[in-house]
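The values are calculated or read from the model by the stated rules, or taken from the named source; none is laboratory data. Predicted, not measured: the structure shown is a model, and the values here were computed from it. FYI the Cβ positions are ideal-geometry reconstructions off the backbone, even for glycines, and counts take in every protein chain you see. For accessibility, only protein heavy atoms count, side chains too; no ligands or nucleic acids. Shrake-Rupley method; radii C 1.70, N 1.55, O 1.52, S 1.80 Å.
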Amino acid sequence: MPEFNFTKSSYSTPSNECLEVARNIPGTIAIRDSKTPDGPILRLTPTTWTKFTATLH
């Protein structure tokens, strides 16, 4: 399986409290905590990701 290419959120705080998101794998949006890059990765479908981010506005 190809590796995820994570990007840090633009909402990152100076104390590094943020999420990282990877969108480079077709059909999968991967999310992880930037403070624990070797920790768990949440994988969502693009549809679920869109619904989730729509609730944040």
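Six or more apart or on different chains, Cβ under 6 Å: which pairs go from a residue in segment 39-50 that's more than 17 Å from Cys18 (Cβ to Cβ) to one that's of a type in the set (Gly, Ala, Ser) and surrounded by 11 or more Cβ atoms within 10 Å (Cβ to Cβ)? Could you list them?
Partner pairs satisfying both residue conditions: Arg43/Ala30.
May I ask you to list pairs of residues, at least six apart or on different chains, whose Cβ atoms are under 6 Å apart, with the first in segment 9-21 being farther than 23 Å from Thr45 by Cβ and the second being open to solvent by less than 100 Å² (accessible area, probe 1.4 Å)?
Filtered contacts from segment 9-21: Ser12/Cys18; Asn16/Ser34.
Only one of (1) open to solvent by 40 Å² or more (accessible area, probe 1.4 Å); (2) in contact with an Asp or Glu (Cβ under 6 Å, 6 or more places away or on another chain) is not met by Ile41, so which one is it?
Every listed condition holds for Ile41 apart from (2).
Suppose we filter Thr13, Thr55 for residues that are among the β-branched types (Val, Ile, Thr) and either open to solvent by 100 Å² or more (accessible area, probe 1.4 Å) or at pLDDT 85 or above (or both); which single one remains? Steps first, answer last, please.
Details: Thr13 fails: either open to solvent by 100 Å² or more (accessible area, probe 1.4 Å) or at pLDDT 85 or above (or both).
None of the other options fit; the residue is Thr55.
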